[in-house]
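The structure under discussion appears below in the form of structure tokens.
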């Protein structure tokens, strides 16, 4: 019998542990990818485990096997969603944020009830166009290309800090030194920001080389200041828990950070970390438009709507129906991996992806959602506490006949934005 899989410990228990004046800059909203500037509002639905307030359905609702409407947001004209390890953000058409979930490190950007969505405070004078959630930090991108963050970063030793001056940031604060930002991505405890010139800036915890630069252990706080990773002519960034991605203007993907399971696309078990930006050679013949990672696996989306998976696979995170490449010798370890980017079969053309800790959501061009991966926390929405081996179409009475607009995969839960015809 295969050994029992358990949820990563970082996602199974709660943690107990001056705004900068904006400068006069030209508006850069015209540089923002169109996919980031959503305009069609929908209703928010959640499913999975909510024992840490992730579902936003009230303190008495701790799990949902199938998509359930978050009624508190129905009148807010929500156009985008983001899910972190145990908290969520919803973006309104007017550029305002609502939050719910764990608030131990002030990731919600507000006080008040964690179990019910409420407005983020301190962003009255800005319009947010994109939001991203890590485990203990939230990042917002405005229409002027400014970045705001709140919460904190963590390291293997505990709380690392929000900045050199602040351990935990209660309310949104603008990140100094970043201008004309057009894209953002978050890992478990690091952030990537892409500017309009194609340069990538990284900050946070760099213990697994996910920042694209070496951080000396005794000077870990230096990682809390954004610095360029050295890559040029990039058009999009993505991140896994402890690894990072970038896509250039020709659709070629690069990766760096933790590679213990081949999640950076490098099929060499001896290379556990990639310290600087390097091309994913196995995808050199593909035109990649998005690439994201979970705890130890990665999913790449091509221009024509195909998906490639690579990295850890013991919970079927890659959706291939197997946990090792056919023909390989069976491993005695339950931590199986497929280090070579491999085409995921059984999917219609995909328009967008969201990769959770150990599961994945794929949004098709027809407005359907497919899910696969770790199932014990019900985050795949199929109603069963078993891993989903292959992409499975999401169904449910509450979303019957609806078109899905956005997907967001969290640590133990999932969020979708849908509109009924």
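The values are calculated or read from the model by the stated rules, or taken from the named source; none is laboratory data. If you're wondering where the values come from, they're calculated on a predicted model, not measured in any experiment. Quick reminder, even Gly has a Cβ in these numbers, built from the backbone with ideal geometry, and neighbours come from all protein chains shown.
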Residue in segment 335-357 that is assigned to a loop (DSSP other than H, G, I, E, B) and within 23 Å of residue 84 (Cβ to Cβ) present: yes
Set 327, 383, 346, 319: member being crowded, with 24+ Cβ neighbours inside 10 Å and over 17 Å from residue 43 (Cα atoms): 319
Options 82, 71; residue that is modelled with pLDDT of 95 or more and farther than 20 Å from residue 186 by Cβ: 71
Flag if residue 257 is part of a strand (DSSP E or B) and at positive phi: yes
Hey, residue 131 in a strand (DSSP E or B), touching a strand residue (DSSP E or B) at 6+ places or on another chain (Cβ under 6 Å) and at pLDDT 95 or above or not: yes
In segment 182-237, the residues that are crowded, with 19+ Cβ neighbours inside 10 Å, over 23 Å from residue 136 (Cβ atoms) and modelled with pLDDT of 95 or more: 182, 195, 234, 236
